[in-house]
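The block underneath contains the structure these notes are about, expressed in structure tokens.
The values are calculated or read from the model by the stated rules, or taken from the named source; none is laboratory data. Keep in mind that this is a model prediction, so the values were computed, not measured. Virtual Cβ from ideal backbone geometry, glycine too; neighbours counted across all protein chains shown.
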Amino acid sequence: MRNHFIMKRNRIYIKKRWRAVGLLIAILSGTLSGCALPDGFAGIIRPVEEVVSSVRQNMELRQQMNALDLPKEVETISTGRYAYETLSDEEKKIYDQMLDAVMNQEEEVTLSTSDGRRLEDIFNCVKADYGGLFWVESFRYTQYQRNGQTEVMSFAPNYSMTEAERAAMQKKIDRQVKRYVKGLADATDYEKVRTIYRRLIQKVDYNLKAENNQNIISVFIGKETVCQGYASAMQYLMDRLDIPCIIVTGMAKGGPHAWNLVQLDGEWYYVDVTWGNSKYHDDKENDVKYVEYDYLNITTEEMMQDHSPQAPFELPVCSSIRNNYFVKEKKYFKSMDETAIAKLGQMIRRAYQKGKSNISVKFASGELCAQAKEYFLTEYHISDYCEGLETVYYKTDMQMNIFVVIFP
């Protein structure tokens, strides 16, 4: 957790802010502080009696697998998706078969492999590329063996609803998605990412007890979720807007977490919607929600300060700041000289006069961030720019070099 600081002229109160650390997509994981994770990944090994011919063997295997067909040749729909492209040709074939089974809600299909060791990783690649698979929770596999050697392997997704229920839910989700993407047809890719980030935070609350919090139902229908729901919805909406995006899972602040990678102008950036959902305590001890931009389009170096990915595929190196929120919005300061102070003061004044709830800026170093706090708050020069301001809340993030002023 980070600290929130509340200031009333010369009095400073410290309040702890909840840092939303939610759950992971990892299939073998358990639960975290009430977050319901999907049931585990299960494998079954069934021996098959030795037979004379391979034809007869296949027939017996199919009978034991409820007349399951031989591995299906699936035409891929995932070319260009990040996790998919990290796989070998053989793994891509398995990925395609898994995804095809899920999309068509098959009960069980045969896979083009006899090795179950990579199945969990490949399935997690599917889940990383496709955030909208709300009707599937996990899967099980079955290995059919002869003389101790696996001959056939099947894949059986575990579904949370029937096809009819899925279709009805999809219609409800589609209606909500239209509202999220409204007005973005002519926006730049950066504007689309910024707007979706903001709308997800404004429309959806963080709640560990939210129903369906491992999928997008909790976001679009329940309007409350945890990190997995936020990350899945972000990926799903970016997909609708033709912006490459994947879900990343791992650890953050000591607990399981999920976030995103987005690609803008050919460069990758980290995005954490959950950690943009912030609150502060007002005079009456009420939680007041606001959008924080610390984790909108940031670098690998910045993200790895408090996030540790555990993805089953290699992640891109994010080094560009060109589409970082603060750089793009001209709220990034490389100095605190007289010119910079005057510019920042005017920015604070405009936000205050326009009735904005807050303004946040980023500095090139922690030293500059500390100087801004000292000048505007400790020395109270903020009153030079905000006439009549009696109470102000603020936050300084010395790790990310971000200074936030909140107007109650």
Listing of helices (runs of 4 or more DSSP H) fully contained in the range 322-408 that carry 3 or more residues being exposed (fewer than 13 other Cβ atoms within 10 Å of the Cβ): 338-353
Residue that is of a type in the set (S, T, N, Q) and on the phi > 0 side of the Ramachandran plot, where the choices are N401, N324: N401
Residue within the range 131-146 that is under 23 Å from the mean Cα position of the chain (by Cα), under 20 Å from M234 (Cα atoms) and outside any loop (DSSP other than H, G, I, E, B) present: yes
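Listed here are the residues, each with its yes/no results for (1) polar (S, T, N, Q); (2) on the phi > 0 side of the Ramachandran plot; (3) at pLDDT below 90; (4) crowded, with 18+ Cβ neighbours inside 10 Å.
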{"site": "E73", "(1), (2), (3), (4)": "no, no, no, no"}
{"site": "T79", "(1), (2), (3), (4)": "yes, no, no, no"}
{"site": "Y82", "(1), (2), (3), (4)": "no, no, no, yes"}
{"site": "D89", "(1), (2), (3), (4)": "no, no, no, no"}
{"site": "K93", "(1), (2), (3), (4)": "no, no, no, yes"}
{"site": "Q105", "(1), (2), (3), (4)": "yes, yes, no, no"}
{"site": "V126", "(1), (2), (3), (4)": "no, no, no, yes"}
{"site": "F139", "(1), (2), (3), (4)": "no, no, no, yes"}
{"site": "T142", "(1), (2), (3), (4)": "yes, no, yes, yes"}
Long-range neighbours under 8 Å by Cβ, at least six apart or interchain, first residue under 16 Å from N212 (Cα atoms) within the range 157-183, second modelled with pLDDT under 95: N158/P38; N158/D39; N158/E137; N158/S138; N158/F139; N158/R140; Y159/E137; S160/E137
Residue in the range 238-251 that is polar (S, T, N, Q) and either within 23 Å of V327 (Cβ to Cβ) or surrounded by 15 or more Cβ atoms within 10 Å (Cβ to Cβ) (or both) present: yes
Members of the range 200-213 found to be modelled with pLDDT of 95 or more and buried (at least 19 other Cβ atoms within 10 Å of the Cβ), listed by number: L200, I201, V204
Count of residues meeting criterion [under 22 Å from A187 (Cβ atoms) and either part of a strand (DSSP E or B) or touching a Cys at 6+ places or on another chain (Cβ under 6 Å) (or both)] in the range 227-269: 12
Leading residue by the ranking (surrounded by the fewest Cβ atoms within 10 Å (Cβ to Cβ)) among those in the range 286-321 that are farther than 28 Å from F123 by Cβ and hydrophobic (A, V, I, L, M, F, W, C): V288
